[in-house]
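Please read the structure below before turning to the comments.
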Amino acid sequence: MATLLITGSVFSCNGQPKQDKAPSIDTTLKVAPESLHFTAHVIQKQADGSKSELDTITGYGKYYYSNGKLHMEGKVVKATPKDYRDGVWKYYNENGQLMNQETYTKEGKVNQLEFMYFTNGNAMSSTYEYYEGDYRDKATFKFHKIEKLFYTNGKKLAERHWVNNNLVDEKCWDGKGNPKPIEYLNTIKSLEAGE
């Protein structure tokens, strides 16, 4: 009686045995080429002394005047077809005072707050603008503008509110904070609160 022995060899088309090879993994440390290096925090200095800092992971950037004071800050989101500002962006004057604050979404700017200052550093005025509703639908769209004026000591002098460029409310106060009729604004000789 003859016994047939079958072995586990598999032959390829060329008649040679196929050998299973495990892929080899090179575990030695290597340095990536310079073109592939990644920097999470980028600082750029300009010839005029100004500079910018960008976090390439979050997209948050800060931009500085040549005197070292913060000029503006905010986040940019990388997107297709184009990048866009996202969240709150703040803009400062060279003295470091907040001059403008804007809020953005993917659709664009949704509100804005602007400031003007007296030479003593206190706010002279603030203007807040925002909208509600769909700008494509005139029946529901409302654009609001709220303006506040201040005395040199920081107390509120007047407040006006417009909706779609129509004045809907206005208030006025004397230097001690007492309500006054709006005509009071025409009698003010000085923005010093005590006068």
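The values are calculated or read from the model by the stated rules, or taken from the named source; none is laboratory data. Every value quoted in this text rests on a predicted model; they were computed, and no experiment measured them. Please note: Cβ atoms are built from the backbone with ideal geometry, for glycine as well, and neighbour counts cover all protein chains shown.
Scanning the stretch 38-56 for residues that are more than 18 Å from the chain's Cα centre (by Cα) and modelled with pLDDT under 90 yields a total of 3. Taking first residues from the stretch 147-169 that are free of Cβ contacts under 8 Å to residues at least 12 places away in the same chain and closer than 17 Å to Ile182 by Cβ and partners that are aromatic (Phe, Trp, Tyr) and part of a strand (DSSP E or B), the Cβ contacts under 7 Å between residues at least 6 apart in sequence or on separate chains come to Val168/Trp162.
If I filter the stretch 119-132 down to residues being assigned to a loop (DSSP other than H, G, I, E, B) and either loosely packed, with under 13 Cβ neighbours inside 10 Å or hydroxyl-bearing (Ser, Thr, Tyr) (or both), which single residue comes out as nearest to the chain's Cα centre (by Cα)? Step through it out loud before you land on a result.
Residues of the stretch 119-132 assigned to a loop (DSSP other than H, G, I, E, B): 119-122.
Among the residues that remain, those that are also either loosely packed, with under 13 Cβ neighbours inside 10 Å or hydroxyl-bearing (Ser, Thr, Tyr) (or both) are: 119-121.
Details: Thr119: 28, Asn120: 29, Gly121: 25 Å.
Step by step, filter the stretch 119-132, then rank; the result is Gly121.
For Ser66, the conditions (1) touching an Asp or Glu at 6+ places or on another chain (Cβ under 6 Å); (2) closer than 20 Å to Gly96 by Cα; (3) not in a loop (DSSP other than H, G, I, E, B) are fulfilled apart from (3).
Quick grid of which residues meet (1) more than 9 Å from the chain's Cα centre (by Cα); (2) at pLDDT 95 or above; (3) at positive phi:
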residue	(1), (2), (3)
Thr58	yes, no, no
Pro81	yes, no, no
Lys90	no, yes, no
Leu98	yes, yes, no
Glu114	yes, yes, no
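Per-residue answers, yes or no, for (1) exposed (fewer than 10 other Cβ atoms within 10 Å of the Cβ); (2) out of contact with any Lys or Arg (no Cβ under 9 Å at 6 or more places or on another chain); (3) among the aromatic types (Phe, Trp, Tyr); (4) not in a loop (DSSP other than H, G, I, E, B):
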site	(1), (2), (3), (4)
Asp134	no, yes, no, no
Asp137	yes, yes, no, no
Thr140	no, yes, no, no
Lys148	no, no, no, yes
Thr152	no, yes, no, no
Leu157	no, no, no, yes
Asp169	no, no, no, yes
Gly175	no, no, no, no
Glu183	yes, yes, no, yes
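Taken residue by residue, the stretch 44-52 has at least one member that is more than 25 Å from Glu114 (Cα to Cα), surrounded by 10 or more Cβ atoms within 10 Å (Cβ to Cβ) and in contact with a strand residue (DSSP E or B) (Cβ under 6 Å, 6 or more places away or on another chain).
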